[in-house]
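Worksheet for the structure shown next.
The values are calculated or read from the model by the stated rules, or taken from the named source; none is laboratory data. No experiment lies behind these values; they were computed from the predicted model shown. All Cβ positions, even for glycine, are placed from backbone atoms using ideal geometry, and neighbour counts span all protein chains on display.
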Amino acid sequence: MNEATTVARLTCTNQAAARRISAYMAETLDANDTACGSFETDDGVWHVALHFREPPDEVMVRELIALAAGDDMAAALTFENVAAKDWVAESLSGLIPVRAGRFIVHGAHDRAQVKSNDLGIEIEAALAFGTGHHGTTRGCLLALDDLAKRRRFRRVLDLGTGSGVLAIAAAKAFHSRVLGTDIDRIAVTAAASNARLNRAGPMVTLAHATGTKAPVIAASAPYDLIFANILMAPLMRLAVALSDLAALNGRVVLSGLLPSHANAILAIYRAQGLVLVRRFPLEGWMTLVLKRG
């Protein structure tokens, strides 16, 4: 791992602008090398932070910001190097807790805000993406909260687990065994740490795996509930595999989609025998809940 990484920062006039820019950059940049987020600090100011594992092409990044928000915002973008172990801690320090139904995702500094009837998920600063502040993760949490009101899911797969938020949430909601996998070994390590922090370690298994063919995934199939919070292109490639991994009457939650992508994804998954149960549009993103009938 590099001793330092690069963060690009932008201050926005309002929440809508910050989330629009963050969503556009998250869709455009490689999610394996970049973490994009928007957040409000205690003084009420909204910020966008883009964290790069490798030094980025600054001209290219400014051009993307210009496309998303105009030349003035692109000119205002700043770049700086920060210690690799410190950049997520720095970005999380100003994040406010995020609620999604009964779930509340928070940092150590906001433990007191978790009420007795909340399902709190504390996220430790680590090199992994997915704190619940992004519309895709929060959309999945809302879908999970809705599903938990209807039945208990005993076999759960979180494909592309990131920081482990969804795996931990499922374990807490269902008291069931959950498998979380990711192609990034650093994310797997961070997710395992977060699972232990949330006392979900005994219920959550974290594994490094590429795609769906890994033996650790096949060993527990079929799954009653599958989360795939990734992006449109891999969701298209994995349609057959995810359908095969889903149990009869199981649910598949897909996210990382722009609203304009939803119908194309639905057409592909319908061809595999999955039908739409519900949509969760949130902050410029779409989360789909499908059922294998």
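Which of the residues spanning the stretch 238-267 are under 19 Å from Thr136 (Cα atoms) and charged (D, E, K, R)?
Arg251
Among the residues of the stretch 46-69, which ones are part of a loop (DSSP other than H, G, I, E, B) and farther than 9 Å from Thr6 by Cβ?
Asp57
Under the condition of being outside any strand (DSSP E or B) and modelled with pLDDT of 95 or more, which residue from the stretch 266-293 is surrounded by the most Cβ atoms within 10 Å (Cβ to Cβ)?
Tyr269
Within the stretch 208-233, how many residues are within 23 Å of Gly284 (Cβ to Cβ) and touching a Leu at 6+ places or on another chain (Cβ under 9 Å)?
Count: 6.
I'd like the residue in the stretch 66-90 that is modelled with pLDDT of 90 or more and in contact with a helix residue (DSSP H, G or I) (Cβ under 7 Å, 6 or more places away or on another chain) and, out of all such residues, is farthest from Ala23 (Cα to Cα).
The extreme case among them is Phe79.
When you go through (1) surrounded by 13 or more Cβ atoms within 10 Å (Cβ to Cβ); (2) modelled with pLDDT under 85; (3) assigned to a helix (DSSP H, G or I); (4) of a type in the set (A, V, I, L, M) one by one for Ala112, which number turns out not to apply?
(1)
Output the number of the condition that Val61 fails; it satisfies all remaining conditions of (1) under 28 Å from His109 (Cβ atoms); (2) modelled with pLDDT of 85 or more.
(1)
Are any residues in the stretch 1-54 aromatic (Phe, Trp, Tyr) and modelled with pLDDT under 80, and if so, which ones?
Of everything in the stretch 1-54, just one residue is aromatic (Phe, Trp, Tyr) and modelled with pLDDT under 80, namely Phe39.
Can you give me the number of residues within the stretch 175-197 that are surrounded by fewer than 22 Cβ atoms within 10 Å (Cβ to Cβ) and touching a residue at least 40 places away in the same chain (Cβ under 8 Å)?
Going through the stretch 175-197 one residue at a time, the tally reaches 7.
Say whether the condition of being modelled with pLDDT under 95 and farther than 23 Å from Ala167 by Cβ is met by at least one residue in the stretch 238-256.
Within the stretch 238-256, none of the residues are modelled with pLDDT under 95 and farther than 23 Å from Ala167 by Cβ.
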